[in-house]
Structure formats: C-alpha cells, structure tokens
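Peer 1: Have a look at the structure that comes next, please.
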Amino acid sequence: MSNESPGVLLRFWNVLKKPSAKYSLLAISSVSFVVGILFWGGFHTGLEMTSTLEFCTTCHEMRDNVYQEYKQTIHYSNRSGVRAICSDCHVPREWGPKMIRKARASLEVWGKLMGDIDTKEKFEAKRMELAGHEWARMKASNSQECRNCHNWDAMSSELQKQTPYKKHMKAKEEGKTCIDCHKGIAHQLPKEYVDPDE
C-alpha cells in the first residue's frame with residue numbers, strides 16, 4: 001500500500017503537468033485559481049461598496065426622503081456615538097440572505113429607472129407598500145438585523161428604564177420580534193398605518 005501511494009501521487013502530478021492542446025493542466029489550474037481570487041475580491045468589494053451610507057444616498061429618492069428622516073433618529077445621532085447605517089438594517093450579514101437581498105435590491109433599481117418614486121408625492125403614495133415589504137422581511141427573519149446589535153439577554157434592568165425593560169421582557173416571553181413594536185423607529189410611519197395595539 002505504501003509503495004503505491006508515491007506512484008499514485010507521481011501519476012497525478014504527471015497528469016497535472018501534461019500539456020493540453022497548448023497549456024498544461026497545472027498552468028490552466030493556476031491561472032484559474034488566480035482569476036478566481038481576483039473575481040471574488042472584486043465581487044466582495046462591489047458588495048461592500050453597495051452597502052455604504054454614501055452609496056445608499058446617491059439617488060435623490062433616498063437622500064431626499066428616508067435619509068432626512070433617519071438623520072433625526074437615535075440610530076443616526078446618540079450619546080454613545082454608534083451609528084447604524086442603511087445596510088445595518090436592510091442588508092443581512094449572513095452570505096446567503098445577503099445575496100438574496102442584493103438580488104431583490106436590483107429590482108429596486110428597476111423602480112428607480114421607471115420613476116416609481118422619483119417625486120415626494122409618488123414616494124408618499126407608495127410608502128405604506130414599501131414599509132410593509134420591509135416589515136414583513138424583518139418579521140420573517142425574527143428582526144435579525146436588529147438583533148445584530150440588540151439582544152434581549154444584554155438588556156439590563158438597572159440601566160434600562162423599568163417601563164421599557166418590562167415591555168421588552170414581556171415581548172420576549174410572548175415570542176415577539178423587534179419590528180412588532182418598533183415600526184417607525186428609523187423612518188416616519190405611513191399616514192395609512194394603524195397601530196394594531198390601539
């Protein structure tokens with residue numbers, strides 16, 4: 001058995017070095033490996049660039065509407081100096097869900113090209129529909145993007161005021177998720193929105 005291993009490895013090495021029509025399999029594999037790394041690096045860089053606040057606010061629909069609202073919230077400016085940006089709430093961190101979200105975002109580009117929300121009036125007319133999509137997405141993921149920063153178990157009864165602390169613990173017991181109670185925390189609620197608890 002031990003005598004066959006070097007022979008197998010030697011035969012495998014010879015296959016790798018054997019020329020194809022013009023290049024050896026080793027050369028083709030090496031070039032493919034380098035090209036793959038360059039492609040992955042470029043792809044990853046593109047994903048990260050499209051997840052920046054600067055990128056998200058390049059179109060006037062976002063810059064003039066929801067970005068202005070967001071700048072008035074605690075997620076933009078607060079005592080701790082921690083700022084949540086668009087992608088923190090709207091793009092999952094996990095690779096698979098991130099790819100799905102990015103693919104769906106490409107449909108939003110189509111909406112941009114068609115002028116679906118290119119004026120304040122058009123945006124306001126679609127606000128409830130757009131918010132509903134985001135709320136449903138967040139509910140389905142158990143508000144995972146919120147939970148990347150906020151955690152039931154990290155909430156301190158000494159540091160958090162008692163009323164919100166009790167509400168949070170009750171929500172935890174009832175299996176609620178962040179978006180069940182915190183709609184409108186980073187953007188204005190649609191005029192048509194009716195709070196189910198009222």
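Read the figures in this text as sums done on the coordinates, not as results from a lab. Values in this document were obtained by computation on a predicted structure and should not be read as measured data. So basically every Cβ, Gly included, is an ideal-geometry build from the backbone, and we count neighbours across all protein chains shown.
Peer 1: Using packing as a proxy for protection, rank 25-38, 78-91 so that the peptide with the highest average count of other Cβ atoms within 10 Å comes first.
Peer 2: Output ranking for 25-38, 78-91: 78-91, 25-38.
Peer 1: Okay, moving on. Taking each pair of different alpha-carbon atoms in the chain once, compute 1/r for the pair, average those values, and report the inverse of that mean as the Kirkwood hydrodynamic radius in Å to one decimal.
Peer 2: 21.1
Peer 1: Quote to one decimal, in nm, the extra length available between Trp152 and Glu108 on full extension: 0.36 nm per residue of separation minus the C-alpha distance between them.
Peer 2: Using 0.36 nm per residue and subtracting the Cα-Cα distance, I get 12.6 nm.
Peer 1: Hey, if you put +1 on the Cβ of every Lys and Arg and -1 on every Asp and Glu Cβ in the chain, which of Cys86, Leu107, Val35 ends up farthest toward the positive end of that dipole?
Peer 2: Value computed over the given set: Val35.
Peer 1: Strictly over 18 Å apart at the Cα level, which of Lys71/Lys139; Lys102/Lys176; Lys126/Lys191; Lys102/Lys191 would you flag in this model?
Peer 2: Lys71/Lys139; Lys102/Lys176; Lys102/Lys191
Peer 1: Under the Cβ-under-4.7 Å rule, which cysteines of the chain stay unpaired?
Peer 2: Cys with no partner Cβ under 4.7 Å: Cys59, Cys89, Cys149, Cys181.
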